[in-house]
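Written below as structure tokens is the structure these notes are about.
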Amino acid sequence: MNPGIFRLKHRCVRPRPSITLRRLLTAVCCAVALPSGALSQDTVGAGSIRGIVVRSDGAPVESLQVCVQGSRQCAESGSDGRFAGLDARPGLVRLEVGLDRGPQMLAGAVEVRAGQTTEVRLELPEIGAVESSVTVSASEILAPDEVVNSGVLIRNLEIAKSAGTLQDVSRYVSTLPGVVTGSAGFRNDIIVRGGSPLENLFVVDNIEIPNINSFANLASAGGTVSLLDVQLIDDVTFLTGGYPAPYTNRLSSVMQIAQREGSRDGFRAKATVAYAGAGAVLEGPWAKGRGSWVVSARRSFLDFFTDDLGAGGVPVYYSFTGKVVRDFGPRDRIWVTSITGLDEIRLGLTERTDPDEALGAFDIRYSGRRNATGVNWQRIFGARGVGLLGLTYSTAGVDSTVNDLLGNAPFIPGMPVGEALAAGTLTFRQDSTESETAVKYDLTLHAGRKGEYRLGGNSKHSVNNYLTLSPLGYDGPFATVPDTNPIDLRERFNATRNSAYLQGTTEVLRRVRLTAGGRFDRYAHFGVSRTRFSPRAGISIAVSDDLSWNTSWGIYHQMPLYLFLAAFAENRALIPARSDHWVSGLAWTPARNTRVTLEAYSKRYKDYSVATQFPALSFANVGDTFDVRDILYPMTSAGRGQARGVELFIEKKSGGKWFGQANLAYSRARHAGLDGVLRPGAFDRPWVMNAVGGRRMGGKWELGIRAAYLTGRPYTPFDMELSTAQRRGVFELESVNTMRLVDYFALDVRIDRTFTVRDKLVVLYLGVQNVTGRENPTTLLWNRVTNAPEFPGGLGRFPLIGLEWTL
């Protein structure tokens, strides 16, 4: 909610000493709203308002109608002055206060956000004042509600202005407690509380999207650049544990993104140039102001200046986003959102490749395409509740080849590049498509003092068409013998996933709120089906007005990706992995825009997919890779693991000269393969510290800084004798994840300058990623060109420049 003060002045008649409540409302046209918010799931595409009505002395006022102006949405205050169940569309709304069929008074403006519950305090002032004013002070910090623990609301400003995040929502959330990235700058995979990058759910405008990034294969959840334009993002709700039943099952996190609608005031345009490319945003009203539209188009531009960035090629990508909203009266709204990405890149040997460059051993060609389109119909049922019907179609395709130019032999000195490329051996080929059609319905019902109930379900139908070839098979470092398990997958098959959930939230005592629910999920593919029940519960106890103790528990299930199921016959017997979450902690809100949380968590994994031929290999330790060949092997559901940690988080939302957040986390993650031995997970980073924020300097300058420190990742040393003899990396299998890379540290800065050119706003910003130039290696690899191990560095010192021009 944006901070703001709205003052409404009204001349009033001085009443007699004795006055009824009806006459009080007639005479006094003033209320003071002190709202705070509560995180809620955006399963309805609307927000909700609840609160309390009191007199100036704090005594509750009962039988008072609180209504959303211009609608039939009303709720009546009870004997304790409390009211709830006011559903409203996102945006600024005004409240009216009065008796049923009696005079109404305007109580001020409240900002409603999709998927959030805003709590307000309406205070009737002392009567007798000749002139009164209405003051609405909006809180920026959200207290827990259905989402009891581990929830953070991220505003557009934080993503758009923060240094080091490249205006990428995934890179921003990697600065939050319990979250780390898998690589040092090149990819934006997120690892949450010791899990895998494949354990995260992405929802945009009520549309589930498998991957929100460009340069992503069918076996990943990350990429290099986000498909989402920060200019369209309104806010992001990020949940890292204990999330409630309405969310589709994922083992680690939920990222829920709400995009703004277009302008209803008139046509607008903006041009942008940034790390993610150059683009434009166009928007405007339609249907005589009863609707709006907005479109964004972006394209990379480095290929206009060079054909090789040093890796054998230049990435080329396009992204398109559109959203159309239409209101049909005060109760019905329909919106359509569509997100598309196209990308291609070539990597490997060229005439300019350094003689010792590891990529010189390959010729890699990749092109990808993905789209997700959803239609949503929202219906507000008066004071009874709100429903949302959604229909989504998504598709993703990848066409890629990998040729090995070496085999087991060194380069022939002086061999022409063309001949080397022609002589390469095909090691991986993929021309595959995954598509999914989904229908879902979510219903929220208000039962007054009895609480709130949510129920719904969805049905998904997938069509998977795979051409995946690995003629030489697995060549990864866990295999002491090269070229095992060749793959020749040419198959088209269908799969379904159906689910239903029920959840209730109620105040069992004055300061105790309880949420409980569960969901059933049924997975069907290859002629078999699996059904799982996932119960969830949470409790929030308000110790005081600004301090609460919160605890949540839940069981979560997730099936392996379809490509892994299809790759080998034995993989089709895999069952859903399970993760049990326990989260407990304190939340303190000392000011309207400041929050401090301290949480402890425990996650236990079972039935995780593990390799049958490599006893130490758990699938929980892979996922942040572009090399699909090295993560395809026969598996069984016999893995287990655990992750435990403590997190301290401090955030200050914008509302003054500066904003930002800082966190300190300690955790340990352990995973076991088929041998049952718990080892440090591949993403186990015990100590993580982050600080990110910005400061406004006058009206034209703004400075952003980000600092991050992480304990180095575990790694496995190579067996030097086997690796040298086979000219590829082979692990010391008795030393899996026993070593650690050097610690990670990065400092990023950014400065913005705002100009006015012909009455149009222009923002120019400059920045530097990794100011210190620290290499920050995140992996160990075997360079087949030099036939030796090396620790490739992450993103070095990297300058940035960007421009936003409102046309």
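The values are calculated or read from the model by the stated rules, or taken from the named source; none is laboratory data. Quantities reported herein were computed from a predicted structural model and do not represent experimental measurements. Methodologically, a virtual Cβ is constructed for each residue, glycine included, from the backbone with ideal geometry; neighbour enumeration extends over all protein chains shown. We work out accessible area using only protein heavy atoms, side chains counted, and drop any ligands, DNA or RNA first. Shrake-Rupley method; radii C 1.70, N 1.55, O 1.52, S 1.80 Å.
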| remark: Checking rank on 480-489, 738-747, 387-396, with mean other Cβ inside 10 Å and highest first, the result is 387-396, 738-747, 480-489
| task | Could you calculate the FRET efficiency of residue 588 with residue 696 from 1/(1 + (r/R0)^6), where r is the beta carbon distance between them and R0 is 22 Å, rounded to 0.05? | result | 0.30
| note | Under the helix-only model (-39500 (n - 2.57) for each DSSP H run of 4 or more, divided by the residues of the chain), the mean residue ellipticity at 222 nm, to 500 deg cm²/dmol, is -1000 deg cm²/dmol
| request: Could you point to the residue in 456, 372, 177 farthest towards the positive end of the chain's charge dipole, with +1 and -1 charges on the Cβ of Lys/Arg and Asp/Glu respectively? | output: 456
| task | Mind computing the radius of gyration and Dmax over the alpha-carbon atoms of the range 536-595? Å is fine for both. | result | 19.8, 58
| When the Karplus curve 6.51 cos²θ - 1.76 cosθ + 1.60 is applied with θ = phi - 60°, which whole-Hz ³J(HN,Hα) does each residue of the range 578-593 get, with x for Gly and Pro? | 10, 9, 9, 9, 10, 9, 8, x, 10, 10, 10, 10, x, 9, 5, 10
| task | Enter the accessible area per residue of the chain (Å², integer; probe 1.4 Å; all protein chains in place). | result | 39 Å²
| query | Classify the range 446-487: rounded, prolate or oblate, from the alpha-carbon gyration tensor (a ≥ b ≥ c, eigenvalue square roots; a/c under 1.5 rounded; otherwise prolate if a/b is larger than b/c)? | reply | oblate
| said: Just to confirm a number: summing +1 for Lys and Arg and -1 for Asp and Glu over residues other than residue 633 whose beta-carbon lies under 12 angstrom from that of residue 633, what do you get? | reply: -2
| note | Taking only protein heavy atoms and a 1.4 Å probe, the highest-to-lowest accessible-area order of 288, 653 is 288, 653
| request: For an R0 of 30 angstrom, estimate the FRET efficiency from the Cβ-Cβ distance between residue 334 and residue 526 and round to the nearest 0.05. | output: 0.20
| Using a 1.4 angstrom probe and counting only protein chains, how large is the accessible area of residue 765 in Å², to 10? | 20 Å²
| For the range 200-342, with only Lys/Arg (+1) and Asp/Glu (-1) charged at the beta-carbon, what is the dipole magnitude about the Cα centre, in debye rounded to 20? | 520 debye
| message | Could you check the spin-label model distance between residue 356 and residue 305? Points 7 Å from the Cα along Cα→Cβ, value in nm. | response | 2.8 nm
| remark: Rounded to the nearest 5, the percent of antiparallel DSSP beta bridges in the chain equals 95 percent
| task | Starting from the Cα of residue 760, draw a straight line to each of the aspartates and glutamates and keep only those under 18 Å, dropping any in the same chain fewer than 8 residues away. | result | 265, 283, 752, 804
| said: Sort 579-589, 541-551, 247-257 by the packing proxy (mean of other Cβ within 10 Å over each peptide's residues), most packed first. | reply: 247-257, 579-589, 541-551
| message | As I understand it, the dipole of the chain uses +1 on the Cβ of Lys and Arg and -1 on the Cβ of Asp and Glu, about the Cα centre. Which of 498, 699, 210 lies farthest toward its positive end? | response | 699
| message | Longer than 23 Å from Cα to Cα, which of 450/653; 161/288; 323/653; 653/700; 323/700 are they? Say none if no pair is. | response | 450/653; 161/288; 323/653; 323/700
| query | How large, in percent, is the carbon and sulfur part of the accessible surface of the chain at a probe radius of 1.4 Å? | reply | 59 percent
| remark: Expressed in Å to one decimal, the Kirkwood Rh of the chain from all distinct alpha-carbon pairs is 28.1 Å
| message | Using Stokes-Einstein with the Kirkwood hydrodynamic radius over Cα pairs, what translational diffusion coefficient do you get for the range 334-462 at 4 °C and a viscosity of 1.567 mPa s, in µm²/s rounded to a whole number? | response | 67 µm²/s
| field | Rounded to the nearest 20 debye, dipole of the chain from Cβ charges on Lys, Arg, Asp, Glu | value | 3380 debye
| Setting aside same-chain residues fewer than 8 positions from residue 440, which lysines have a Cα under 18 Å from its Cα? | 460
| Once the principal axes of the Cα atoms of the range 252-323 are found, what is the range along each, listed largest first in whole angstroms? | 52, 38, 14
| note | Checked the range 145-218 against the a/c 1.5 cut and the a/b vs b/c comparison, axes a ≥ b ≥ c from its Cα gyration tensor; verdict rounded
| message | When a/c reaches 1.5 or more, the comparison of a/b and b/c decides; with that in mind, is the range 582-649 rounded, prolate or oblate per its Cα gyration tensor? | response | prolate
